[in-house]
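S.K.: Input: one structure, supplied below.
The values are calculated or read from the model by the stated rules, or taken from the named source; none is laboratory data. Not measured: the values here are computed from a predicted model. Heads up, the Cβs are rebuilt from the backbone with ideal geometry, glycines too, and the neighbour counts pull from every protein chain shown. Just so you know, the surface numbers come from the protein's heavy atoms only, side chains and all, with ligands and any DNA or RNA stripped out. Shrake-Rupley method; radii C 1.70, N 1.55, O 1.52, S 1.80 Å.
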Amino acid sequence: MQRLTSPDALEKLRAELAGKRQAIKKTVFVCCGPGCLANGSRKIADAIGLQMEKQKVDASVGYRRCTTGCHGFCEQGPLVIVQPGDIFYCKVKPSDAATIVERTVKGDELVERLLYLDPGTKQRCKAFTEIPFYAKQTRVALARIGTLDPTDLGNAIASGGYASLAKALFTMKPDQVIDLVDRSGLRGKGGGGFLTGRKWRSCVKAPGDRRYVICNGDEGDPGAFMDRATMEGDPHCVIEGMIIGAYAVGSHEGYVYVREEYPLAVEYMQLGVDEARKAGLLGDNILGSDFSFDIKISRGGGAFVCGESSALMRSVEGKVGEPRAKYIHSVERGLWDQPTVLNNVETWATVPVIVQKGVDWFRSMGTKGSPGTKAFSLSGQVRNTGLIEVPMGVTLREVIFGIGGGLFKRRTFKAVQTGGPSGGCLPEDKLDLAVDFDELTRAGSMMGSGGMIVMDDRACMVDVARYFTAFLVDESCGKCVPCREGTKQLLALLTDITHGNATEDHLARIEALAATIMQASLCALGKSAPNPVLSTLKQFRQEYLSHIEKKRCPAGVCKPLTRFVIDEETCTGCGLCLKACPVDAIRGEKKKPHTIEPSKCITCAACREVCPVDAVEVAS
Amino acid sequence: MSTLVKIKIDEKEYEVPRGRYLLAICQENGIPIPTLCHHESVEPWGGCRLCVVEFRKKRWDSWWTELATACLYPAEDGLCVWTRSEKVMKARRTILDLLLARCPGSEVITKIAAEHGVYQTSFAKREGEDNCILCGLCTRVCDRVGARAIATALRGALKEVSTPFGEPPPDCLGCLSCAHVCPTHTIGHTEADGKRTVWGRTFELVRCSGCGAASVTREQVEYAVRTKNLSPEYFVKCDACKRRESAATFAGLLFDERKGGEGPVGPTGSGPSHE
Amino acid sequence: MKTPDLTKLDTILERHEAAERSLIQVLQDVQKEYRYLPREAFEKVGRHCGVSVARVYSTATFYKAFSLVPQGEKLVRVCAGTACHVRGAGLLLDELERALSLEPGKTSPDGKITLKTVNCVGACAMAPCVMIDGEAHGNVKPGEVVTLVKGGRRDAAAD
Amino acid sequence: MSNVLIVAPDRCIDCKKCELACSLHHAGSLDPDRGRIKVLNRGVEKGMPVVCLHCDEAACLIVCPVGAISRCDETDAVVLDETRCVRCKACLAACPFGNITEDRVDGRVLKCDLCEGAPMCAVFCPSGALVTRSGPRPLRSAP
């Protein structure tokens, strides 16, 4: 790509690319987001490419195949979308490639069996826009993801990329940019919800030799993949946001911190930065202006604590990721003790859209306190797992039952976990809560970066609390006593409960210890570490008591407190459990009720998983 | 940083330089604050959390109180601090309870805990022999000294102070600063026959060419000579022998000067002068 | 353990600025090249980045991405993210531990396979997920995980 | 203007009161070993007091790895901040005159600080071997 030396050159290029795009007859988009990749979408992309060549509908005759980032509906993956027409094929296999190319690309027919079957209406949906999962979303930060090739800057420019940058650089003063972001009410989407505009302004005011901007792409929260999807799906929107932010605060050096568990994100962000630099969108005199700024990619070493801003900055400096006390904010004294603006991936990705469409448009979505939208990764025991974006203020019920399609057959909703290890679990009666920063915090959870994990009646809340605590024991940096020693002891107390060794004062001890960990820990990781325990204890106390007093895990998860039995009346004698049992603990003749031999049973729950009639129960 | 601000500690008013850390202010004013990870030779760190105090300040339009470590909290105008509130004491007790579970054998911890009314730990005791509380003083002092021979390894509950690969540290000077700043005296070291052993490495001590006494390691001397550009001559003899030598020199000098009938003559120094 | 060939180390170091900020990036590349951090490399890496060997060791053991012992030829990582956990990742791990006689974090004595857990690979929608040598496999069932790991094909929708 | 400690060895009667005064003032005990000033014998009732010279380019100050030794603005003395000292003993080894010693009782590093400008040794010296005089220092020369 040639170096762009003026905003006009950018617009000229955009027009040129748009013209080329117009000439394309059909495009086959193959989703290569994290979910689809895990289901082998790379092979499908290859197969489709091969078929297009074979059937002579390739680029030379105006057809195009494009691998994209996450389209969102991971549950139905691998996904293939044919444009024009928004034709949406789901659960595609490599062997379907020939048919798709022949009938939908070459011809104009639909492959009926690959279309999405709406479980509500029992109708096949032709276009993805008809699918409730998509129809109920509002995409801002994720708008372009899934519609373009993330490795091609031209794609991004053709889709409007860097227009906001040109607008900011040539029609706005830095202070006007800050003012715009401030008035938009954009809040940091990495979890804290701090007002972005205010943060930028503090950075400008702070004395320093240099200023830095950082993109937090650490996304350590287990159960969250919005940032991964964004970096892998549309790196240029993040880069563009960062350049605008750098211009606003007067920074010339930026870092994107990406966790090493996301190799593709590292690769695409690096590629994006390199391409942007070649095109004159990064580096000296961006777009011919007198503003210079460059970005380096910093790979994390695999530590959850590095999502915490001061630890992240230490990590970028090449140090061990130990947080510092933040009585002096990192926005004033951050990276190498210089004023530093740190925002997460989604926040940066939202900035260009605000610059383009304005404050009023942005504020028309969401709530008064939390305007705009928020991306979530919906996962767990919900039908439609995937990547979604909704206006702030929608209810959890709309997200889980509307977009998410509710739970699986015969399973009932028990809790939804938000905010990762710093968040909490919310029960059924909190489902009508509006999702925004303040509401979730008030309810004892938090927004976090946007992981949303749905749990059904087979999830044990004590086990979930224990899971998160174990995670934090492992991920604590170990610098301060309350977090290092406290979470370890918290885990020991919880393990006592899940192993049936707890006494009645365990809950009081947990609460007392949790209070000190929250009050006295050094950083946000420690201060929020007891949240999973406290929120489950508050909402599901009975379940804790059952473990302690009755020595029974009602959900059948805690092995020492679980004994599975087969209900004679429900069992149809299908024999599935018998086959699934890894230790031959199940006896029974075909079509007659089966039984579990307690002495052999290892409580692995394999039988319960496969039983089609829920005859395997937790003994009382 | 010389602007004075008014703050209140335990309901008493103080005028202190803005930005000065609360721990220093308290120490200067005789207000006891327990701490285990603080040493004046290194930057405040906020690891042990024992120096937590409760503070109240105005943020936007509402008052709020919170715990903060005194070692790292800078004084600002209107700050209100309580050093022994119920919240503070409860946090300190839990922290000491946790430390006691970590190091049940430490006399220092046992004593401080008892002073706070914690006589035995309510938590599961750690198995292990050392009394390391991971205050990080040894590693920070080692960095400050310039040796950078030890550091923390691993993280979270598994974190420990370690030499590279747990082996005798190649960069160690054997200066024992780590052992001296360790609040629980858990860094073992021995000295015998002109040899010193610490961190599994044995160092040869520099023997006085006069009497054979020894106080520092060869590595220390080499490091001082190399990095501080000091004459190696300085390190050849022990303090007692050097004293004798300098006494003899001055006595001689004095004798000579007296003969010459000159006025007061001092040595090279700027302080006391010999007449 | 035989001494690794350190000639490639110089190439790695050349790629990175001689500064402290390069330390983690250098270690990433060393880990990638050798599948572990050979101790013979520590001094050179430290010198390049201007930090002591103790600091290199500290950093190498702090971050999960690094290993001080050679990894098995095949690296199997069971995702232990929340979504995977509630969708039965524990069962997968139990099954692998049993079948391979390996604890998580350990490498088989023949050096063929390393079993690890990873805190979320971001494929939560496809939970539970197992990464085999960097390739993600979603919706893995306990019954098929051993076959999958041993290189067999699974009867999943993907193929 | 500062008080200067003047040493007149020919007047020293080897009574060692300076050592006792020093140890009492600094360590709270009458133990000459703990004094920061030493008197060396040079004959019957003849002593040679040896005490820190507060050198212009003090080796102890230069060698201290933690910045615990500094020059006091008010007294011009080279002083050791004990709260900063990590007891590596580098100063002790570096002092070319042997004027820094170790407290055999508690291992602390002992160094003359001119008692904030009013040296106790001079106060208690009966023979005029140690006196303080106010005024600029008589001599300043590099070692």
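S.K.: With the dipole of chain A worked out from charges on the C-beta (+1 for Lys and Arg, -1 for Asp and Glu) around the Cα centre, which of A:THR373, A:CYS523, A:GLN76 lies farthest toward the positive end?
M.R.: The Cα lying farthest towards the positive end belongs to A:GLN76.
S.K.: Nearest 100 Å², what total accessible surface is buried between chain A and chain B (probe 1.4 Å)?
M.R.: Values: alone 24830 and 16800 Å², together 38880 Å².
Summed over both sides, the interface buries about 2700 Å².
S.K.: Choose one of A:CYS558, A:PRO612, A:ALA246: the residue whose Cα lies farthest towards the positive end of the charge dipole of chain A (beta-carbon charges +1 Lys, Arg; -1 Asp, Glu; about the Cα centre).
M.R.: A:PRO612
S.K.: May I pose another question? Taking chain C as a whole, which cysteines find no other cysteine Cβ under 4.7 angstrom from their Cβ?
M.R.: C:CYS49, C:CYS120, C:CYS124
S.K.: Treat every Asp and Glu Cβ in the stretch A:360-512 as -1 and every Lys and Arg Cβ as +1, leave all other atoms uncharged, and give the resulting dipole magnitude about the Cα centre to the nearest 20 debye.
M.R.: Values: 17 positive and 19 negative charges, 72 e Å.
About 340 debye.
S.K.: Carbon and sulfur atoms: what percent of the 1.4 Å accessible area of the stretch B:37-159 do they account for?
M.R.: That fraction is 48 percent.
S.K.: Additional query: Of the candidates B:GLY194, B:GLY212, B:GLY136, which one comes out as most mobile in a Gaussian network treatment of chain B with C-alpha springs shorter than 10 Å?
M.R.: Maximum fluctuation in the GNM of chain B, among the listed residues, is at B:GLY212.
S.K.: Ok, one more. Could you work out the mean projected area of the convex hull around the alpha carbons of the stretch A:257-387, in square nanometres to one decimal?
M.R.: On the way: hull surface 45.7 nm².
Projected area, direction-averaged: 11.4 nm².
S.K.: Would you jot down the residues in the stretch B:162-182 that end up with at least 50 Å² less accessible area in the complete protein assembly than in the chain alone, with a 1.4 Å probe?
M.R.: B:PRO164, B:PHE165, B:HIS180
S.K.: What does the helix-only formula give at 222 nm for chain D: each DSSP H stretch with n ≥ 4 adding -39500 (n - 2.57), the total divided by the residues, and the result rounded to the nearest 500 deg cm²/dmol?
M.R.: Numbers: 4 runs with 26 residues, N = 143.
For chain D, the value works out to -4500 deg cm²/dmol.
S.K.: On to the next question. Mind listing the phi-derived Karplus ³J(HN,Hα) values for the stretch B:45-54, rounded to whole Hz, using 6.51, -1.76 and 1.60 with θ = phi - 60°, and x for any glycine or proline?
M.R.: So the J values, rounded to whole Hz, are 10, x, x, 7, 6, 6, 8, 4, 10, 9.
S.K.: Give the lysines whose C-alpha is closer than 22 Å to that of B:LYS58, dropping any in the same chain fewer than 8 places away, or say none.
M.R.: List returned: A:LYS199, A:LYS205, A:LYS326, A:LYS527, B:LYS6, B:LYS8, B:LYS12, B:LYS87.
S.K.: Let me ask something else about it. Cα-Cα pairs above 20 Å in chain D: how many percent? Intermediate values should be presented prior to the final figure.
M.R.: Values: 4633 of 10153 pairs.
Tail of P(r) above 20 Å: 46 percent of Cα pairs.
S.K.: With contacts defined as alpha carbon pairs under 8 Å and 6 or more residues apart, what's the relative contact order of chain B in percent?
M.R.: Details: 441 pairs, mean separation 29.7, N = 275.
11 percent.
S.K.: Using a 1.4 angstrom probe on heavy atoms only, work out the carbon and sulfur share of the accessible area of the stretch A:425-540 in %. Spell out each step's value before the answer.
M.R.: Working: 1570 of 3030 Å².
Its accessible area is 52 percent carbon and sulfur atoms.
S.K.: Suppose we keep just the alpha-carbon trace of the stretch A:1-54; what are its Rg and Dmax in angstrom?
M.R.: Calculated on Cα positions, Rg and Dmax stand at 16.5, 43 Å.
S.K.: At q = 0.08, 0.09, 0.16 Å⁻¹, what log₁₀ I(q)/I(0) does a Debye calculation on the Cα points of chain B give, no solvent, two decimals?
M.R.: At q = 0.08, 0.09, 0.16 Å⁻¹ the computed log10 ratios are -0.53, -0.64, -1.18.
S.K.: Further, regarding this structure: Which value, in debye to the nearest 20, describes the size of the charge dipole of chain A about its Cα centre when Lys and Arg Cβ atoms bear +1, Asp and Glu Cβ atoms bear -1, and nothing else is charged? Please report the intermediate quantities before stating the final value.
M.R.: Working: 79 positive and 73 negative charges, 119 e Å.
Dipole about the Cα centre, nearest 20: 580 debye.
S.K.: Here is a follow-up. Dipole size in debye (nearest 20) for the protein assembly as shown around its Cα centre, Lys and Arg Cβ +1, Asp and Glu Cβ -1? Walk me through the numbers on the way to the answer.
M.R.: Values: 156 positive and 146 negative charges, 253 e Å.
Around 1220 debye, computed over the protein assembly as shown.
S.K.: Also, I was wondering about something else. Treating cross-link reach as a plain straight distance, find the lysines whose alpha-carbon is under 17 Å from the alpha-carbon of A:LYS409, omitting any fewer than eight places away in the same chain.
M.R.: Partners found: A:LYS122.
S.K.: What is the local net charge at A:ALA9, summed over the other residues whose Cβ is closer than 14 Å to its Cβ (Lys, Arg +1; Asp, Glu -1)?
M.R.: On the way: positive: A:ARG3, A:LYS12, A:ARG14, A:LYS278; negative: A:ASP8, A:GLU11, A:GLU16.
Counting the neighbours of A:ALA9, the net charge comes to +1.
S.K.: When all C-alpha to C-alpha distances in the stretch B:93-215 are sorted into bins of 5 Å, what percent of pairs does each bin hold, rounded to whole numbers?
M.R.: Cα pair-distance distribution for the stretch B:93-215, in percent: 2, 11, 17, 19, 16, 13, 10, 6, 3, 2, 1, 0.
S.K.: Which whole-number percent is the relative contact order of chain A (Cα, under 8 Å, 6+ apart)? Numbers along the way, then the final one.
M.R.: Working: 1337 pairs, mean separation 72.3, N = 620.
Relative contact order here is 12 percent.
S.K.: Right, next: Starting at the first residue of the stretch A:481-488, write each ³J(HN,Hα) from the Karplus equation 6.51 cos²θ - 1.76 cosθ + 1.60 with θ = phi - 60°, in whole Hz, x for Gly and Pro.
M.R.: Couplings: 5, x, 6, 5, 7, x, 5, 5 Hz.
S.K.: For the stretch A:461-549, list log₁₀ I(q)/I(0) at each q in 0.11, 0.13, 0.25 Å⁻¹, using the Debye formula over Cα point scatterers of equal strength and ignoring solvent, two decimals each.
M.R.: -0.25, -0.35, -1.24
S.K.: With a sphere of radius 11 Å drawn around the Cβ of A:GLU439, what net charge do the other residues whose Cβ falls strictly inside it have (Lys, Arg +1; Asp, Glu -1)?
M.R.: Values: positive: A:LYS430, A:ARG442; negative: A:ASP432, A:ASP436, A:ASP438.
Residues close to A:GLU439 contribute a combined charge of -1.
S.K.: Which shape class applies to chain A: rounded if a/c is under 1.5, otherwise prolate when a/b exceeds b/c and oblate if not, where a ≥ b ≥ c are the square roots of the Cα gyration tensor eigenvalues?
M.R.: Values: a/c = 2.27, a/b = 1.25, b/c = 1.82.
Because a/c hits 1.5 or more and a/b fails to exceed b/c, chain A counts as oblate.
S.K.: Let me ask you something else. Counting helices only, and only those DSSP H runs with n ≥ 4, report the 222 nm mean residue ellipticity of chain A as the sum of -39,500 (n - 2.57) divided by its residues, in deg cm²/dmol to the nearest 500.
M.R.: Details: 23 runs with 223 residues, N = 620.
-10500 deg cm²/dmol, from helical runs alone.
S.K.: Write down the percent of antiparallel bridges among all DSSP beta bridges whose residues are both part of the protein assembly as shown, to the nearest 5. It would help to have the intermediate numbers written out before the result.
M.R.: Values: 88 of 125 bridges.
DSSP beta bridges in the protein assembly as shown are roughly 70 percent antiparallel.
S.K.: Return a whole-number percent for the relative contact order of chain C, with Cα pairs under 8 Å and 6 or more residues apart as the contact set. Write out the running numbers ahead of the final one.
M.R.: Numbers: 227 pairs, mean separation 29.2, N = 159.
Rounded, it is 18 percent for chain C.
S.K.: OK, next. Please give the per residue accessible area of the stretch C:1-100, computed with a probe of 1.4 Å over protein heavy atoms only, in Å². Intermediate values should be presented prior to the final figure.
M.R.: Working: 4210 Å² over 100 residues.
So the stretch C:1-100 comes to 42 Å² accessible per residue, rounded to a whole number.
S.K.: What percent of all Cα-Cα pairs in the protein assembly as shown falls into each 10 Å bin, going from 0 up to the bin containing the maximum distance?
M.R.: Binned Cα distances yield the sequence 2, 9, 15, 19, 19, 14, 9, 6, 4, 2, 1, 0, 0.
S.K.: Ignoring ligands, DNA and RNA, what percent of the accessible area of chain C is carbon or sulfur (1.4 Å)? Walk me through the intermediate numbers first.
M.R.: On the way: 3420 of 6760 Å².
So the carbon and sulfur contribution to the accessible surface is 51 percent.
S.K.: Here is a follow-up. GNM, chain B, Cα, under 10 Å: largest mean-square fluctuation among B:LEU98, B:LEU173, B:LEU158?
M.R.: Among B:LEU98, B:LEU173, B:LEU158, the largest mean-square fluctuation in the Gaussian network model of chain B belongs to B:LEU158.
S.K.: So how much accessible surface do B and D hide from each other in total, probe 1.4 Å, in square angstrom to the nearest 100?
M.R.: Details: alone 16800 and 8000 Å², together 20930 Å².
By this definition, chains B and D bury close to 3900 Å².
S.K.: For the stretch B:97-137 and the stretch A:256-282, what is the centre-to-centre distance using only Cα atoms, to the nearest Å?
M.R.: Measuring centre to centre over Cα atoms gives 48 Å.
S.K.: Note every residue of the stretch A:506-543 with a reduction of at least 40 square angstrom in accessible area, all protein chains present versus the isolated chain, computed with a 1.4 Å probe, or write none.
M.R.: Those residues are A:ARG509, A:LEU513, A:THR516, A:GLN519, A:ALA520.
S.K.: If amide hydrogens are placed 1.01 Å from N in the peptide plane, which non-local residues have theirs closer than 5 Å to the one on B:THR217?
M.R.: B:VAL206
S.K.: Which one, B:THR94, B:GLY105, B:PHE123, projects farthest toward the positive side of the charge dipole computed for the stretch B:83-128 from Cβ point charges (K/R +1, D/E -1)?
M.R.: Farthest towards the positive end: B:THR94.
S.K.: What net charge do the residues around A:GLU219 carry, taking every other residue with its C-beta under 12 Å from that of A:GLU219, with Lys and Arg at +1 and Asp and Glu at -1?
M.R.: On the way: positive: A:LYS189, A:ARG228, A:ARG259; negative: A:ASP218, A:ASP221, A:ASP227, A:GLU232, A:GLU260, A:GLU261, A:GLU346.
Result for the neighbourhood of A:GLU219: -4.
S.K.: Roughly how big is the B-C contact, given as buried accessible area in Å² (both sides, 1.4 Å probe, nearest 100)?
M.R.: Protein heavy atoms only, the B-C interface buries about 1200 Å².
S.K.: Using the heavy atoms of the protein chains alone and a 1.4 angstrom probe, what is the accessible area of chain A per residue in square angstrom?
M.R.: On the way: 21570 Å² over 620 residues.
So chain A comes to 35 Å² accessible per residue, rounded to a whole number.
S.K.: With both partners inside chain C, how many of the DSSP beta bridges are antiparallel, as a percent to the nearest 5? Before the final figure, lay out each step's value.
M.R.: Values: 7 of 13 bridges.
Expressed as a percentage, antiparallel bridges in chain C total about 55.
S.K.: On the first, second and third principal axes, largest extent first, how far apart are the outermost C-alpha atoms of the stretch A:153-361 in Å?
M.R.: 41, 36, 32
S.K.: If you don't mind, there's one more thing I want to ask. Skipping prolines and chain starts, which residues have an amide H placed within reach, meaning under 5 Å, of the one on A:GLY424, given they are 5 or more residues away or on another chain?
M.R.: Placed amide hydrogens put A:THR418, A:MET446 under 5 Å from A:GLY424.
S.K.: Something else: Just report the Cα centroid separation between the stretch C:96-114 and the stretch A:73-108, whole Å.
M.R.: What the calculation gives is 40 Å, centre to centre.
S.K.: Let me ask something else about it. How large is the accessible surface per residue of chain B, computed with a 1.4 Å probe and reported in Å² as a whole number? Before the final figure, lay out each step's value.
M.R.: Details: 12900 Å² over 275 residues.
Per residue, chain B has an accessible area of 47 Å².
S.K.: Filter the cross-link list A:LYS43/C:LYS106; A:LYS26/A:LYS93; A:LYS189/A:LYS368; A:LYS374/C:LYS141; A:LYS12/A:LYS167; A:LYS26/A:LYS167 down to pairs whose alpha-carbon distance in this structure exceeds 25 Å.
M.R.: Values: A:LYS43/C:LYS106 31 Å; A:LYS26/A:LYS93 21 Å; A:LYS189/A:LYS368 16 Å; A:LYS374/C:LYS141 32 Å; A:LYS12/A:LYS167 15 Å; A:LYS26/A:LYS167 32 Å.
Beyond 25 Å: A:LYS43/C:LYS106; A:LYS374/C:LYS141; A:LYS26/A:LYS167.
S.K.: Distance between Cα centroids, the stretch A:520-562 to the stretch B:1-78: provide it in whole Å.
M.R.: 36
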